[in-house]
Amino acid sequence: MSLLLQTIVDLDVFIMNQIVDLWMPAIIKTFAFVTFLGGWKIICAFLIITSAFFIFYKKQNYIFPLLVGAGGTELTVYLAKIIFHRARPDVMLVLEDSFAFPSGHAAISVAFYGFIAFVLIKHSKRLWQKIVAASICLILIVLIGFSRLYLGAHYFSDVVFGYFIGSLWLCIAIYVSFAKIFKRLQSC
């Protein structure tokens with residue numbers, strides 16, 4: 001194993017051991033709820049609700065970019081899990097049946113909640129509204145990623161790479177929302 005890979009594995013194990021020492025029933029319940037907010041079922045429901053809001057407020061041009069970001073994220077995570085086959089930590093407090101690397105919860109939280117923050121920031125009139133929207137979404141993204149660590153579902157590097165994938169697809173979704181060619185396709 002290369003030195004870099006061994007360093008990452010050692011850091012992952014060290015962080016996991018530190019988190020296990022912090023387990024408390026009340027915090028476990030809290031993070032079980034937080035992790036639910038990054039699960040595929042709730043994100044699918046939120047995609048439908050968000051799309052309905054976009055249609056109601058005549059902002060349907062955001063639906064396609066949002067779906068590109070969310071769909072691209074899920075596909076990339078799925079393929080990465082197949083390629084890397086990384087086992088989950090032995091100390092899991094939640095039942096998961098897929099591979100660990102990368103964290104799908106971390107990835108989709110950045111792609112979905114990040115895009116919501118982008119839309120809210122873009123359409124907010126006041127600076128404080130932009131700051132509140134960005135802060136709430138950022139805190140939610142960080143909490144979802146940390147919940148995956150706290151519940152033992154992922155190692156630190158799984159979450160970091162999940163954030164990377166989600167950020168990549170968030171950038172693509174934002175680009176698509178600005179790209180004129182996609183706006184023309186959406187109006188057909």
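The values are calculated or read from the model by the stated rules, or taken from the named source; none is laboratory data. Being a predicted model, the structure only gives us computed values, none of them experimental. Note that we place each Cβ from the backbone using ideal geometry, even for glycine, and neighbour counts take in every protein chain shown. Each accessible area value is taken on the protein alone, full model and side chains, heavy atoms only, with ligands, DNA and RNA left out. Shrake-Rupley method; radii C 1.70, N 1.55, O 1.52, S 1.80 Å.
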Helix-derived mean residue ellipticity, 222 nm - over the chain, DSSP H n ≥ 4, -39500 (n - 2.57), to 500: -26000 deg cm²/dmol
Unit charges at the beta carbon, dipole of the chain: most positive-side option, L120, L151, I82: L120
Electrostatic dipole magnitude of the chain [Cβ: Lys, Arg +1; Asp, Glu -1; Cα centre; debye, to 20]: 1260
Candidate residues M24, M16: accessible-area rank, largest first, probe 1.4 Å: M24, M16
Which of R126, R88, R148 is most accessible, then next, and so on - probe 1.4 Å: R126, R88, R148
Acute angle (nearest 10 degrees) that the helix 127-150 long axis makes with the longest principal axis of the chain, alpha-carbon atoms: 30
Efficiency of FRET between F56 and S98 - r from beta-carbon atoms, R0 41 angstrom, step 0.05: 0.75
Simple spin-label estimate for V91 and L67 in nanometres, 7 Å along Cα-Cβ: 4.2
Karplus-derived 3J(HN,Hα), 6.51/-1.76/1.60, for each residue of the range 166-171, Hz, glycine and proline x: x, 5, 4, 6, 5, 4
Solvent-accessible surface (1.4 angstrom probe) belonging to S124, in square angstrom, nearest 10: 30
Hydrodynamic radius (Kirkwood) for the range 59-188, which is based on Cα pairs only, to one decimal in Å: 15.4
Shape category assigned to the range 54-95 from the gyration tensor of Cα positions, a/c cut at 1.5: oblate
Choice from C44, C171, C137 with maximal GNM fluctuation in the chain (Cα, 10 Å cutoff): C44
Net length gained if the chain between T30 and V142 were fully extended (0.36 nm per residue, minus Cα distance): 38.9 nm
Prolate/oblate/rounded label for the range 84-145 (Cα gyration tensor, a/c 1.5): prolate
Anisotropy class of the range 1-126 from Cα gyration tensor, a/c 1.5 cut: prolate
